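Inspection log for the structure reproduced underneath, given as structure tokens.
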Number of protein chains: 2
Amino acid sequence: MAPNGSVGFRDSPVEPGIFLDEDLGSDWYIYESTESAPHDDLFPDAVMECHPTISPQMYHTVMAPISLALILALSFLVKRRRLHLSCWNGVPGLLSPGNLLEQDGHRAVAAAVLALLCSELCRLLLDPHPLPLLPPTGTTTASPAAREFWKVLALLYFPALYSPLLACPGPRHRLGYAAGTLLAWGHCAAQAWHRAQCPLAPKMHRLYSLLSHVPALLSLSLLSLWYPVQLLRSLRSGDSPEPRISGKSYYRKYLKALLSKRDRKGSSLKMDESLSSRIRSYLLSYIYIPEEGFRIPLKLVASVTVAVVAVYQVAVLLLVAVVPPLRIMRAGMSKDVVVLLVQFGLVPSRGAAAPGDLEQELRTAQHFLWALEVCYICSLVLCCLLTYAMLLRSLAMHRSNLRALYQGAVLDVFSKAHILRPSRESLVCWMAFSSFQAAFACLGLLIQQVIFFLCFVAFTFLVVIPLQLGTSSPLFGIIRNMWPFWLTLVVAVLLQHLLAHSQFLEQHSLQKEITNRRALYIVTFLLFPTNVLVGAMAAVWRVVISGLYNAVHLCRLDISLLHRGVETFDPGYRTYCHYLRVEVSQCHPLLKAFCFLLLQPGRPEPPAPPCDTQLEEGLQLMHPKPPAPGRARSRRIRARWWVAYTLLHNPSLTASRKTALADPAANGAQLGVPRP
Amino acid sequence: MAPNGSVGFRDSPVEPGIFLDEDLGSDWYIYESTESAPHDDLFPDAVMECHPTISPQMYHTVMAPISLALILALSFLVKRRRLHLSCWNGVPGLLSPGNLLEQDGHRAVAAAVLALLCSELCRLLLDPHPLPLLPPTGTTTASPAAREFWKVLALLYFPALYSPLLACPGPRHRLGYAAGTLLAWGHCAAQAWHRAQCPLAPKMHRLYSLLSHVPALLSLSLLSLWYPVQLLRSLRSGDSPEPRISGKSYYRKYLKALLSKRDRKGSSLKMDESLSSRIRSYLLSYIYIPEEGFRIPLKLVASVTVAVVAVYQVAVLLLVAVVPPLRIMRAGMSKDVVVLLVQFGLVPSRGAAAPGDLEQELRTAQHFLWALEVCYICSLVLCCLLTYAMLLRSLAMHRSNLRALYQGAVLDVFSKAHILRPSRESLVCWMAFSSFQAAFACLGLLIQQVIFFLCFVAFTFLVVIPLQLGTSSPLFGIIRNMWPFWLTLVVAVLLQHLLAHSQFLEQHSLQKEITNRRALYIVTFLLFPTNVLVGAMAAVWRVVISGLYNAVHLCRLDISLLHRGVETFDPGYRTYCHYLRVEVSQCHPLLKAFCFLLLQPGRPEPPAPPCDTQLEEGLQLMHPKPPAPGRARSRRIRARWWVAYTLLHNPSLTASRKTALADPAANGAQLGVPRP
């Protein structure tokens, strides 16, 4: 605690009353001890540097090897279980962290782990000790370039640390769930203990550390509840056999919903809706309501979760970086500063020149600062709400786009025809999609905050405060001096509308025709200069509305901010289009349901998978071995399906299609496995 | 001339050396007499207030009544000629200033008069005496609101003053041309005399008045050449009879071009063009090359002319408002100012503390100001070129849009179906279109200038000047300190592309398929935080490119700056769409050619027009009286045309179509005149 009650916002010892020395930036947040703070709950009492029992370094030194050991053990186990006989044949592959292209059931886990990772990312970008494996002194004394280097290492370290949390449920085995439980409890306990021991931190604002850890703690709590539940379920019912098609129940549901909901379309084609119902449906379009039989892909769920967490982190940062300093400035506002402000004309003076009579100016200055604070908080709340609304709306748009693409309506989604096949670029865009969504949401929030804060401040200081204080404002002056001008513009526009309605248009049966052409030309020519001024207003409006629209929609990847013809130059929209190509080509639910049907009937038990480690589950689905001889009819049906599927995906085979169709039962199986 | 050679940029007497008094803004542009200006050609030598022989007040007092008298006389004359017998029957209508919806031959006149008007508008907005009919003292001593009122009156006065110039060629009579010659010569002589007597003006910059009058003088010269030529031609060949369809030669040409150019389309469908030819065709698309058989409508020609003049005026204003003051500041830079600048850190110091050793700092400061000036001029030139390129490009777009709409391809132009009929709103938009184009081009130029100037300044002061002086810049510092970060981003992106190309994609016959899915998921998860940072860069790029795109394309009304779904909220694009509706519905060349054919064959001489003054030329074309009985075949053909036309434009009649088709020759004439 600093002596004589004066409290420094930063750690360095401060000398109260010095405002004009060189270190102005850091010593600005001082308030004199004689002034009592009106709301001291948000003021930073001197927070001691807190050293928890389990230091971050120790926590990471313990958890990192444990995670590594567990994931390696689990990988070996899976290898052993899958390959039964030739256990050590081939390099054992690591477990994948979440099957991001599959519809299996671990959506909550994937979202929680990515949210955790995103939360850590925000922390490490601000932290002077980004890599907690090293002692703190090693990173703070290094050169800036070396510190950047540690940050880069931390960027790779954290996903590696948390990937076991996501990989453990992969094998669907009780040992996997047990390992997950262990890891989740370890992480959760360590972090919760750290927060419980040191709830306040001296850095930034004393509450910032706690607030910024909320998403991480929530994610870890979710994980440490989910894993034990899964473990218990698997212990009670025995391990479920690893399904050949993950999420097959969803595909069956999708198929059912598609086949049953024939009558849904008729009701949505009402053209003559009233205005209120149209407004209601417009507002409802911003709320994502899950529909039966359709599930948003895992990657999109993860993207939106990550974006929400990122926006929360940025909003908290924006809040604690500005509001407490503003409050400290307000409380510490002394009469010397007010004299300066009055001299600069920032605070209106009532003519009291003596320093003793500055009471009212001091109150005005404090009122102005309070108004600034209110503007800032209001605009921040508005921005967060807008961003979340946009994210929800983009979920609904994703669904309708995916639906359209599943039905083959490519031109409804893209402005020109696309081939929905993965390419190098689209794969890279697919990989980066979630990250881009988070980054775009953050930048969008920042830009919105700047714009809306300026708007709120302008409105407050040009309209509200002058009305309150009874003083004049530049805006009122402009309106007062230029009223003939504004009146002329309004009258000119009204006059043109009236004339067009009553004089220049003639009703012919059902349509209107232009009449009185000579008068029309005369009015057009006479009003040309006035219309230029109207056009200037329209141009300003165009700038304002396009700027606002782009700022608000910056976080949405599903719409392009550029014009139709050049929309591929918009990096966000380009990423989204490529993402859709991969998603639709790889996860078409009907295709998957069909594959599932193909694999289902002839095989009561799944055959032993081939030992080729290159062959992944997806490819196995695509190239099933010809079934054992069974009933002739089902075989023929299946063979025809294969022919159709093969031809669909191998257009080069259409040349040999006639012979294939001539004897589908015999050639189908051969065509079904088109190895290049 | 101010005493002892010190020259004030403004009229007020100035005291050199005083920089910190209250009137800082106006006294800033002082340079001391001891410094010799390096380029004194642009410096304002004290320009005396110049009083020409014909004062503006006298010029307007003479020309306004003459214009009014001439146009009234001409109107009576036309009335008398048209109505022959019942001369004074009905109120004589004023001549219309240019048939803006027709394709008659006075395009150059219309463009010149509108350019003249636009030039006057720019002048009157800046002038303290906007209404030259009043004595100057009457307007300067008035209150601001009264001055605004005079400006509003001036907005209506100038089009009224110049409208006779546009209306004179309307009757196509030698008297009209003579009146036009008289007026054009009068205006041109008065203005040229004024400029010759007072080439320099004390206001703004001494050359500003001259530069800003160039478009007006050019327009007036064009008019005062065009009218005598037309007068001579009409005297030599006799007055041409007023044609029933104006511009009929154009419609015939259009029809011929349409019917002959069948083979043009085949050559434009080359898909496998080389890159260089594609770039060439892209660049060529920015140049409007007139095509045979198609003429841009008069309104569009006028809009682009007006926009070009407006952009010129704004550019001249921007140039003289900034560059001469910058030069004066540079020449008048004293050592006291340099000391201040060095103290603020704006000019780097070599450690010389004594005021006598500031030579080098003074040179550096002057160099900085020179760099600012260069940046400003470069960005202004760039902005003007970009705006002109955009205007040319929009001309080409107008042509392709009109072509598409003439062919009925509404969905190629608008994103949803429109009914191409005039409505109240579309008529208002049609009236305001040219003015909007001019206003949007001006605001676009202003915004571009701000953006490009800041970009040029940032580039100069962060890159060029530090490289020149060998000092460090914040940009270099950021790059030096953060190179591991930038390197990581580049490596991460490259790595993903490489992996996607070599590991995650497998070539199957003609298409690619995803393989190694587990590794793909692992890489995706591990690179998630890095990709967030890549995404942040992409988001910044998205902001930059959408901002630049919108700023550059602000002047183009033919594209929307908003997303497809909400493009009607863009005032510019909305105006354009409505304009197109009116233009296409009223000026379809095929329709006009058809009407022309209808009127042509059966009538060697045009019948006397009806005395109904409400019935305009266009309506006469639409409802021709049934022809006198002639040859049966041509009558039947014409009747069928009428049926087709009537049904096309009266969908409500389709119910009775079968009976109409059963006996078209009998019912055609009756259906052809569908009076409500």
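The values are calculated or read from the model by the stated rules, or taken from the named source; none is laboratory data. Because the structure is a prediction, the values reported are computed rather than measured. In this analysis, Cβ positions are derived from the backbone assuming ideal geometry, glycine residues included, and neighbour counts consider all displayed protein chains. We work out accessible area using only protein heavy atoms, side chains counted, and drop any ligands, DNA or RNA first. Shrake-Rupley method; radii C 1.70, N 1.55, O 1.52, S 1.80 Å.
Yes or no: the stretch A:475-488 includes at least one residue that is more than 7 Å from every other protein chain (Cβ to nearest Cβ) and farther than 30 Å from B:Val152 by Cα.
No, that holds for no residue.
Among the residues of the stretch A:323-336, count how many are over 18 Å from A:Ala201 (Cβ atoms) and in a helix (DSSP H, G or I). Walk me through it before giving the result.
So in the stretch A:323-336, the residues over 18 Å from A:Ala201 (Cβ atoms) come out as A:326-327, A:329-336.
If we keep only those that are in a helix (DSSP H, G or I) too, we end up with A:326-327, A:329-331, A:335-336.
Final tally of qualifying residues: 7.
Condition test on B:Phe525, is it at the interface with chain A (Cβ under 7 Å from one of its Cβ atoms) and either of a type in the set (Phe, Trp, Tyr) or open to solvent by less than 40 Å² (accessible area, probe 1.4 Å) (or both)? If you could, list the steps in order and put the result at the bottom.
Numbers: at the interface with chain A (Cβ under 7 Å from one of its Cβ atoms): yes; either of a type in the set (Phe, Trp, Tyr) or open to solvent by less than 40 Å² (accessible area, probe 1.4 Å) (or both): yes.
Yes: the conditions hold for B:Phe525.
Based on this model, can you work out whether B:Ala439 counts as farther than 30 Å from B:Met390 by Cβ and either of a type in the set (Lys, Arg) or at the interface with chain A (Cβ under 7 Å from one of its Cβ atoms) (or both)? Outline the logic, then answer.
Numbers: farther than 30 Å from B:Met390 by Cβ: no; either of a type in the set (Lys, Arg) or at the interface with chain A (Cβ under 7 Å from one of its Cβ atoms) (or both): yes.
So B:Ala439 fails the test.
So for the stretch A:362-382 (the condition being farther than 30 Å from A:Pro474 by Cβ and either among the polar types (S, T, N, Q) or crowded, with 17+ Cβ neighbours inside 10 Å (or both)), does at least one residue qualify? Even if it seems obvious, please write down each step before you answer.
Here is the first cut: in the stretch A:362-382, the residues farther than 30 Å from A:Pro474 by Cβ are none.
No: the stretch A:362-382 contains no residue that is farther than 30 Å from A:Pro474 by Cβ and either among the polar types (S, T, N, Q) or crowded, with 17+ Cβ neighbours inside 10 Å (or both).
Evaluate the following for A:Ala257: is it at pLDDT below 85, farther than 30 Å from A:Ala432 by Cβ and open to solvent by less than 30 Å² (accessible area, probe 1.4 Å)?
For A:Ala257, the condition - at pLDDT below 85, farther than 30 Å from A:Ala432 by Cβ and open to solvent by less than 30 Å² (accessible area, probe 1.4 Å) - is met.
B:Tyr286 passes all but one of (1) more than 30 Å from B:Glu120 (Cβ to Cβ); (2) assigned by TED's automatic domain parsing to the domain that holds B:Ala458; which number fails?
(2)
Taking the condition aliphatic (A, V, I, L, M) and within 30 Å of A:Leu557 (Cα to Cα), does A:Leu462 pass?
Working: aliphatic (A, V, I, L, M): yes; within 30 Å of A:Leu557 (Cα to Cα): no.
It is false that A:Leu462 is aliphatic (A, V, I, L, M) and within 30 Å of A:Leu557 (Cα to Cα).
Give B:Leu580, B:Leu498, B:Leu533, B:Leu548 a once-over and let me know the one that is modelled with pLDDT of 90 or more, assigned by TED's automatic domain parsing to the domain that holds B:Ala432 and farther than 29 Å from A:Tyr579 by Cα.
Numbers: B:Leu498 fails: farther than 29 Å from A:Tyr579 by Cα; B:Leu533 fails: farther than 29 Å from A:Tyr579 by Cα; B:Leu548 fails: farther than 29 Å from A:Tyr579 by Cα.
Step by step, each of B:Leu580, B:Leu498, B:Leu533, B:Leu548 is checked, and only B:Leu580 is modelled with pLDDT of 90 or more, assigned by TED's automatic domain parsing to the domain that holds B:Ala432 and farther than 29 Å from A:Tyr579 by Cα.
Answer with yes or no whether B:Phe456 is among the hydrophobic types (A, V, I, L, M, F, W, C), within 10 Å of chain A (Cβ to nearest Cβ), closer than 30 Å to B:Leu372 by Cβ and touching a helix residue (DSSP H, G or I) at 6+ places or on another chain (Cβ under 6 Å).
On the way: among the hydrophobic types (A, V, I, L, M, F, W, C): yes; within 10 Å of chain A (Cβ to nearest Cβ): no; closer than 30 Å to B:Leu372 by Cβ: yes; touching a helix residue (DSSP H, G or I) at 6+ places or on another chain (Cβ under 6 Å): yes.
It is false that B:Phe456 is among the hydrophobic types (A, V, I, L, M, F, W, C), within 10 Å of chain A (Cβ to nearest Cβ), closer than 30 Å to B:Leu372 by Cβ and touching a helix residue (DSSP H, G or I) at 6+ places or on another chain (Cβ under 6 Å).
Search the stretch B:206-218 for residues that are in contact (Cβ under 8 Å) with a residue 40 or more places away in the chain and within 16 Å of B:Ala307 (Cα to Cα) and pair each with any residue that is outside any helix (DSSP H, G or I) and not small (Gly, Ala, Ser) when their beta-carbon atoms are under 9 Å apart and the residues are at least 6 apart or on different chains.
B:Ser212/B:Met204
Here is a check on your reading of the model: is A:Leu392 farther than 30 Å from A:Phe461 by Cβ and either within 13 Å of another protein chain (Cβ to nearest Cβ) or basic (Lys, Arg) (or both)? I'd like the intermediate steps shown before the answer.
Details: farther than 30 Å from A:Phe461 by Cβ: yes; either within 13 Å of another protein chain (Cβ to nearest Cβ) or basic (Lys, Arg) (or both): no.
No, not satisfied.
Please work out which residue is farthest from the other protein chains (Cβ to nearest Cβ), limiting yourself to the stretch A:552-588 and to residues that are small (Gly, Ala, Ser) and open to solvent by less than 10 Å² (accessible area, probe 1.4 Å). Explain how you work it out, then say what you get.
First, the residues of the stretch A:552-588 that are small (Gly, Ala, Ser): A:560, A:565, A:572, A:585.
Those left that are additionally open to solvent by less than 10 Å² (accessible area, probe 1.4 Å): A:560, A:572.
Numbers: A:Ser560: 7, A:Gly572: 5 Å.
Looking at the filtered set, the residue picked out is A:Ser560.
Restricting to the stretch A:494-522, name every residue that is more than 7 Å from chain B (Cβ to nearest Cβ) and either in a helix (DSSP H, G or I) or under 30 Å from B:Pro144 (Cβ atoms) (or both).
A:Leu494, A:Leu495, A:Leu498, A:Leu499, A:Ser502, A:Ala519, A:Leu520
Filtering the stretch A:69-81 down to residues that are surrounded by 14 or more Cβ atoms within 10 Å (Cβ to Cβ) and within 15 Å of A:Leu165 (Cα to Cα), which residue is modelled with the highest pLDDT?
To start, the set of residues in the stretch A:69-81 that are surrounded by 14 or more Cβ atoms within 10 Å (Cβ to Cβ) comprises A:70-72, A:74-75, A:77-79, A:81.
Going one step further and asking which of them are within 15 Å of A:Leu165 (Cα to Cα), we end up with A:70-72, A:74-75.
Values: A:Leu70: 89, A:Ile71: 86, A:Leu72: 86, A:Leu74: 84, A:Ser75: 82.
For the stretch A:69-81, the residue satisfying everything is A:Leu70.
Out of A:Val337, A:Val306, A:Val342, A:Val347, report the one residue that is of a type outside the set (Gly, Ala, Ser), touching an Asp or Glu at 6+ places or on another chain (Cβ under 7 Å) and more than 15 Å from A:Trp370 (Cβ to Cβ).
Working: A:Val337 fails: touching an Asp or Glu at 6+ places or on another chain (Cβ under 7 Å); A:Val306 fails: touching an Asp or Glu at 6+ places or on another chain (Cβ under 7 Å); A:Val347 fails: more than 15 Å from A:Trp370 (Cβ to Cβ).
Answer to the check: A:Val342.
So which pairs qualify, if the first residue must be in the stretch B:356-385 and charged (D, E, K, R), the second must be loosely packed, with under 14 Cβ neighbours inside 10 Å, the Cβ gap must be under 8 Å, and the two must be at least 6 apart or on different chains?
B:Glu361/B:Arg350; B:Glu361/B:Ala352
Condition check ((1) more than 14 Å from chain B (Cβ to nearest Cβ); (2) part of a helix (DSSP H, G or I)) across all residues:
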position: A:Arg147; (1), (2): no, yes
position: A:Val152; (1), (2): no, yes
position: A:Leu156; (1), (2): no, yes
position: A:Pro199; (1), (2): yes, no
position: A:Lys203; (1), (2): yes, no
position: A:Leu210; (1), (2): yes, yes
position: A:Leu218; (1), (2): yes, yes
position: A:Leu232; (1), (2): yes, yes
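Got a sec? Which of B:Val381, B:Val450, B:Val428 is out of contact with any helix residue (DSSP H, G or I) (no Cβ under 6 Å at 6 or more places or on another chain) and either closer than 22 Å to A:Gly535 by Cβ or outside the structural domain of B:Val347 (by TED's automatic domain parsing) (or both)?
Details: B:Val381 fails: either closer than 22 Å to A:Gly535 by Cβ or outside the structural domain of B:Val347 (by TED's automatic domain parsing) (or both); B:Val428 fails: out of contact with any helix residue (DSSP H, G or I) (no Cβ under 6 Å at 6 or more places or on another chain).
After applying the criteria, what remains is B:Val450.
Can you name the residue in the stretch A:530-539 that is at the interface with chain B (Cβ under 7 Å from one of its Cβ atoms) and out of contact with any Pro (no Cβ under 6 Å at 6 or more places or on another chain) and is also farthest from A:Cys429 (Cα to Cα) among such residues?
Going residue by residue through the stretch A:530-539, those that are at the interface with chain B (Cβ under 7 Å from one of its Cβ atoms) are A:530-532, A:534-536, A:538-539.
Filter again for out of contact with any Pro (no Cβ under 6 Å at 6 or more places or on another chain), leaving A:530-532, A:534-536, A:539.
On the way: A:Thr530: 50, A:Asn531: 47, A:Val532: 46, A:Val534: 45, A:Gly535: 42, A:Ala536: 41, A:Ala539: 36 Å.
So, considering only residues that are at the interface with chain B (Cβ under 7 Å from one of its Cβ atoms) and out of contact with any Pro (no Cβ under 6 Å at 6 or more places or on another chain), the one farthest from A:Cys429 (Cα to Cα) is A:Thr530.
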